[in-house]
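Colleague: Handing you a structure now.
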Amino acid sequence: MKNVKARTVFVPPRRERSVMEGRLAESGLRPTAQRSLVYEVLLGHAKEHPTADEIFIQAKQAKPDISMATVYNCLDALVKHNLIRQMHLDRVATRYCPNMHEHAHFLCEVCGVVTDLEGIAKPRSSGFKVPSGYKIGQVEMNMRGVCPDCGGKEGDS
C-alpha cells in the first residue's frame with residue numbers, strides 16, 4: 001500500500017435540464033443536439049410560425065453542419081410526439097406552431113403574417129353536424145383576411 005496514490009475524481013453536479021430538454025424527454029423523445037436546436041429555434045420564433053426553410057436557416061447559423069433532411073426529420077419527430085403542430089394554410093408552405101393550447105390562426109392575405117387567436121373551437125357547438133360515431137382528435141381553425149397593420153394601408157391608397 002506504500003505506492004498507492006490517492007486520486008481525487010471530480011464529478012460535476014448533474015446538469016439541470018432546460019425546460020426545452022425537459023419537454024423533449026417528457027414526450028418520450030430523446031433530446032439529441034439537433035432536435036434540441038430545431039425545437040429551440042422554433043420556440044424562439046413561435047410568433048412567426050416559421051416554415052421548415054426558415055427554421056433551417058436559423059439552425060444553420062448555430063450548427064453549420066446541420067442538413068435540411070435533419071431539420072425535416074426533427075420537425076416530423078416533434079409533430080409525432082405532440083410538441084409542435086403543422087399548419088397547412090392552403091397553398092403556402094407548411095408552417096410550424098409550438099403553441100399546443102387550443103387556438104386558431106389568422107393569415108393576413110396582404111402581408112402573410114400568421115397570428116394566434118385565443119379561443120376554443122368546439123365542432124359540436126359550432127353548428128357543424130358531426131355524425132355520431134365520429135371521434136374528433138384535433139380541430140384546426142384557420143381564418144384569412146387583413147390584419148390591422150395592412151387594413152390601415154388599404155385606406156391610404
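Colleague: Look through region 93-112, keep the residues that are touching a Leu at 6+ places or on another chain (Cβ under 8 Å) and not in a strand (DSSP E or B), and return whichever of them is farthest from residue 42 (Cα to Cα). I'd like the intermediate steps shown before the answer.
Modeller: Within region 93-112, the subset touching a Leu at 6+ places or on another chain (Cβ under 8 Å) is 95-96, 98, 100, 103-107.
Now drop any that are not not in a strand (DSSP E or B), which leaves 98, 100.
Details: 98: 7, 100: 13 Å.
Residue satisfying both the conditions and the ranking: 100.
Colleague: Got a number for residues in region 17-47 being charged (D, E, K, R), touching a helix residue (DSSP H, G or I) at 6+ places or on another chain (Cβ under 9 Å) and either loosely packed, with under 14 Cβ neighbours inside 10 Å or at pLDDT below 65 (or both)? Walk me through how you get there before you give the answer.
Modeller: Going residue by residue through region 17-47, those that are charged (D, E, K, R) are 17, 21, 23, 26, 30, 35, 40, 47.
This time we only want the ones that are touching a helix residue (DSSP H, G or I) at 6+ places or on another chain (Cβ under 9 Å), so: 17, 21, 23, 30, 35, 40.
With either loosely packed, with under 14 Cβ neighbours inside 10 Å or at pLDDT below 65 (or both) added as a condition, the list becomes 17, 30.
Total meeting the criteria: 2.
Colleague: Another question, then. Determine whether residue 117 is modelled with pLDDT of 90 or more and not in a loop (DSSP other than H, G, I, E, B).
Modeller: When the stated conditions are applied, residue 117 does not pass them.
Colleague: Shifting gears a bit: Go through the residues of region 58-77 one by one and say whether even a single one is touching a His at 6+ places or on another chain (Cβ under 6 Å), in contact (Cβ under 8 Å) with a residue 24 or more places away in the chain and either part of a loop (DSSP other than H, G, I, E, B) or acidic (Asp, Glu) (or both).
Modeller: Of region 58-77, the ones touching a His at 6+ places or on another chain (Cβ under 6 Å) are none.
No, there is no match, as no residue in region 58-77 is touching a His at 6+ places or on another chain (Cβ under 6 Å), in contact (Cβ under 8 Å) with a residue 24 or more places away in the chain and either part of a loop (DSSP other than H, G, I, E, B) or acidic (Asp, Glu) (or both).
Colleague: Oh, and also: Please enumerate the residues belonging to region 83-92 that are assigned to a loop (DSSP other than H, G, I, E, B) and at pLDDT 90 or above.
Modeller: From region 83-92, those assigned to a loop (DSSP other than H, G, I, E, B) are 83-84, 88-92; that's our starting set.
Hits for region 83-92 are 83, 84.
The values are calculated or read from the model by the stated rules, or taken from the named source; none is laboratory data. Please read these numbers as outputs of a predicted model, since none were measured by experiment. Note that we place each Cβ from the backbone using ideal geometry, even for glycine, and neighbour counts take in every protein chain shown.
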